[in-house]
Amino acid sequence: MILRFDKLAVDLTMPTNPSPNSAAAIQELLGGKFGEMSTLMNYTFQSFNFRGRSKARPYYDLIANIAAEEYSHIELVSYTINLLLSGSTKRGTDPTTAPLKNATDARNSYHFLASGQTALPMDSMGNPWNGSYVFSSGNLKLDLLHNFFLECGARANKIRAYEMVDDPTARQMVGYLLVRGGVHVVAYARALERLTGADLSKLFPIPDISNKKFPEARKLEEKGLHRIMYRFSPTDFKELDKVWNGTHPEDGSELIVEDTIPEGFDPPDLPEEPQLTAPGIDMEMFNDVAKKLFGNEGGKGKSARTKRK
Ligand code: MN
Ligand code: MN
């Protein structure tokens with residue numbers, strides 16, 4: 001089971017440059033082959049499908065625990081897309097002014113046609129995320145090797161997305177993901193090392209550019225965020241430290257497991273976009289309908305059931 005907190009891992013502020021095309025690029029980090037939906041679903045299925053977990057408990061704990069963290073990354077990327085799209089067309093209720101005219105020049109028209117200027121489970125080209133991105137072979141070594149590759153591929157996409165967008169909010173989010181994704185790269189490398197004796201530290205970093213080159217990521221690494229594995233459960237995943245231990249392959253800092261997850265920040269309250277009828281609640285009409293149905297002012301807390309008494 002998952003316990004959900006209505007918080008975000010990063011304090012996302014209103015973008016200074018709302019941009020549908022930046023939002024389209026960031027979609028790759030959500031629903032692309034190497035996006036956060038893929039990491040979430042890969043580790044989620046691998047944890048459900050894990051055979052012989054009592055003999056390989058630390059590896060099960062690692063995969064299941066990282067799966068939980070990936071849920072928080074989906075939230076972050078989605079909110080960033082939503083913020084980049086907020087206010088990117090003309091707000092209003094008059095359709096004859098062609099309020100969505102700008103959208104015809106946006107790379108991704110689904111953001112306007114199929115959603116209320118918000119994120120969808122698709123990649124930067126509008127291809128829907130699909131289940132073939134999930135690799136769950138049942139062979140532990142192979143799955144871990146795949147996860148190491150997946151996190152490196154994800155890292156490459158994050159770096160390129162960072163290079164495509166200049167909005168500070170988007171870069172803040174990508175910087176955070178680079179650091180946390182870096183933790184996962186090291187975690188799967190450590191798991192393979194513990195399991196096989198191979199020395200993967202010689203491969204780091206892939207691609208060969210340090211997170212410290214990205215100012216937003218560097219600040220977080222200076223706070224030690226790249227060496228912490230958060231335990232995403234109050235009672236379980238107790239054997240994380242059997243894999244997550246030793247030193248970081250890039251800077252030699254000590255790897256630590258933390259029992260509490262960060263408090264987080266309130267998610268942004270997304271403004272209405274009336275030209276898309278999003279959310280499309282006309283309070284006057286709502287009250288009018290409620291009056292006809294229940295004979296009282298709508299929205300005052302009286303349901304049909306209480307009325308009947
Ligand atoms: Mn992630
Ligand atoms: Mn990851």
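Which condition does GLU273 not pass, out of (1) touching an Asp or Glu at 6+ places or on another chain (Cβ under 6 Å); (2) surrounded by 15 or more Cβ atoms within 10 Å (Cβ to Cβ), if it passes all the others?
Every listed condition holds for GLU273 apart from (1).
Take THR89 and decide whether it is without any contact (Cβ under 8 Å) to a residue 12 or more places away in the chain, under 13 Å from GLN275 (Cβ atoms) and over 22 Å from the mean Cα position of the chain (by Cα).
no
So which residues in region 151-173 are in contact with a Lys or Arg (Cβ under 9 Å, 6 or more places away or on another chain), within 13 Å of ligand 2 (Cβ to nearest atom) and not small (Gly, Ala, Ser), if there are any at all?
If the condition is that a residue be in contact with a Lys or Arg (Cβ under 9 Å, 6 or more places away or on another chain), within 13 Å of ligand 2 (Cβ to nearest atom) and not small (Gly, Ala, Ser), then ASN157 is the only one that fits.
Could you give every pair whose Cβ atoms fall below 8 Å, whose first residue belongs to region 67-83 and is closer than 11 Å to ILE2 by Cβ, and whose second residue is part of a helix (DSSP H, G or I) and among the small types (Gly, Ala, Ser), counting only separations of at least 6 or pairs across chains?
Between residues of region 67-83 that are closer than 11 Å to ILE2 by Cβ and residues that are part of a helix (DSSP H, G or I) and among the small types (Gly, Ala, Ser), the close pairs are ALA67/SER47.
Can you name the condition, by its number, that ILE63 falls short on among (1) over 24 Å from LEU120 (Cβ atoms); (2) in a helix (DSSP H, G or I); (3) away from ligand 1 (no atom under 16 Å from the Cβ)?
Against the list (1) over 24 Å from LEU120 (Cβ atoms); (2) in a helix (DSSP H, G or I); (3) away from ligand 1 (no atom under 16 Å from the Cβ), ILE63 comes up short only on (3).
Among the listed residues LEU177, LEU150, LEU195, LEU220, identify the single one that is in the same structural domain as GLU70 (by TED's automatic domain parsing), part of a helix (DSSP H, G or I) and more than 23 Å from ILE74 (Cβ to Cβ).
LEU195
Okay, residues lined up against (1) under 30 Å from ALA64 (Cβ atoms); (2) in a loop (DSSP other than H, G, I, E, B):
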| site | (1), (2) |
| --- | --- |
| LYS90 | no, yes |
| ALA103 | no, no |
| ARG107 | no, yes |
| THR118 | yes, yes |
| SER124 | yes, yes |
| SER137 | yes, yes |
| LEU144 | yes, no |
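Yes or no, residue by residue, for (1) closer than 30 Å to ASP199 by Cα; (2) in a loop (DSSP other than H, G, I, E, B); (3) modelled with pLDDT of 95 or more:
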position: TRP244; (1), (2), (3): yes, yes, yes
position: ASP251; (1), (2), (3): yes, yes, no
position: VAL257; (1), (2), (3): yes, no, yes
position: PRO262; (1), (2), (3): no, yes, no
position: PRO268; (1), (2), (3): no, yes, yes
position: PRO271; (1), (2), (3): no, yes, yes
position: GLN275; (1), (2), (3): no, no, yes
position: ASP288; (1), (2), (3): no, no, no
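Do we have any residue at all in region 161-168 that's within 14 Å of ligand 1 (Cβ to nearest atom), assigned by TED's automatic domain parsing to the domain that holds ALA64, within 18 Å of the chain's Cα centre (by Cα) and among the β-branched types (Val, Ile, Thr)?
No; the residues of region 161-168 include none that is within 14 Å of ligand 1 (Cβ to nearest atom), assigned by TED's automatic domain parsing to the domain that holds ALA64, within 18 Å of the chain's Cα centre (by Cα) and among the β-branched types (Val, Ile, Thr).
The values are calculated or read from the model by the stated rules, or taken from the named source; none is laboratory data. Here the structure is a predicted model, which means the values were calculated and not measured. In this analysis, Cβ positions are derived from the backbone assuming ideal geometry, glycine residues included, and neighbour counts consider all displayed protein chains.
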